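What follows is a single structure, written as structure tokens, with notes after it.
The values are calculated or read from the model by the stated rules, or taken from the named source; none is laboratory data. Only a predicted model underlies this, so the values are computations on that prediction, with no experimental measurement involved. All Cβ positions, glycine included, derive from the backbone under ideal geometry; neighbour counts span all protein chains shown.
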Amino acid sequence: MSFYYQINWNEYVATEKITSAQEAYEQVELGNFEQYLPFEPGDVLYIDGCELGYVYDTKGFYRPVYRFSGYINSPDNLWVANIPAMAE
């Protein structure tokens, strides 16, 4: 029996400036994030968390994101969005 743990050995490439959490929040307010199901008229988005995290991009780079969490309309309908944190 063997296990594959999907271990990635990262290599330092560069130090980059990141945007502030406030700038990322403004992107959420503008609706600049991906979402599986679109909002419906009358939906209300409640945000109760924001943390700096990291995700792999399509080229294998480990990039910083602000991960916003909350819910839509009801605490039973959880919502999460990643906003890129690298300054452009």
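Of the listed requirements (1) of a type in the set (Gly, Ala, Ser); (2) in a loop (DSSP other than H, G, I, E, B); (3) modelled with pLDDT of 95 or more, Gly49 misses just one: (2). For first residues located in the stretch 3-21 and touching a residue at least 40 places away in the same chain (Cβ under 8 Å) and within 25 Å of Phe68 (Cα to Cα), partners that are surrounded by 10 or more Cβ atoms within 10 Å (Cβ to Cβ) and among the β-branched types (Val, Ile, Thr) and lie 6+ apart or on another chain with Cβ distances below 9 Å form the pairs Thr19/Ile83. Of all residues in the stretch 42-51, one or more are loosely packed, with under 10 Cβ neighbours inside 10 Å, small (Gly, Ala, Ser) and at positive phi.
Yes/no per residue for (1) in contact with a helix residue (DSSP H, G or I) (Cβ under 7 Å, 6 or more places away or on another chain); (2) over 30 Å from Trp9 (Cβ atoms); (3) not hydroxyl-bearing (Ser, Thr, Tyr):
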| site | (1), (2), (3) |
| --- | --- |
| Gly31 | no, yes, yes |
| Glu34 | no, no, yes |
| Pro38 | no, yes, yes |
| Gly42 | no, yes, yes |
| Asp48 | no, yes, yes |
| Val55 | no, no, yes |
| Lys59 | no, no, yes |
| Ser74 | no, yes, no |
| Ala85 | yes, no, yes |
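Is the stretch 8-16 home to any residue that is part of a loop (DSSP other than H, G, I, E, B) and of a type in the set (D, E, K, R)? The answer is yes, given that some residue of the stretch 8-16 is part of a loop (DSSP other than H, G, I, E, B) and of a type in the set (D, E, K, R). The residues in the stretch 1-19 that are surrounded by 10 or more Cβ atoms within 10 Å (Cβ to Cβ) and either over 21 Å from Phe61 (Cβ atoms) or of a type in the set (D, E, K, R) (or both) can be counted, and the count is 1.
Under 7 Å between Cβ atoms, at least 6 apart or on separate chains: pull out the pairs that start in the stretch 23-37 with a residue that is under 11 Å from Pro84 (Cα atoms) and end on any residue that is in a helix (DSSP H, G or I) and at pLDDT 95 or above. As it stands, the answer is Phe33/Gln27, since those pairs meet every condition given.
Applying the criterion of being touching a strand residue (DSSP E or B) at 6+ places or on another chain (Cβ under 8 Å) and not aliphatic (A, V, I, L, M) to the residues of the stretch 1-24, the residue that is farthest from Leu52 (Cα to Cα) is Asn8. Contact map, the stretch 41-56: residues that are closer than 24 Å to Asp76 by Cβ paired with residues that are part of a loop (DSSP other than H, G, I, E, B), Cβ distance under 7 Å, separation 6+ or inter-chain. Pairs shown: Asp43/Asn73; Val44/Asn73.
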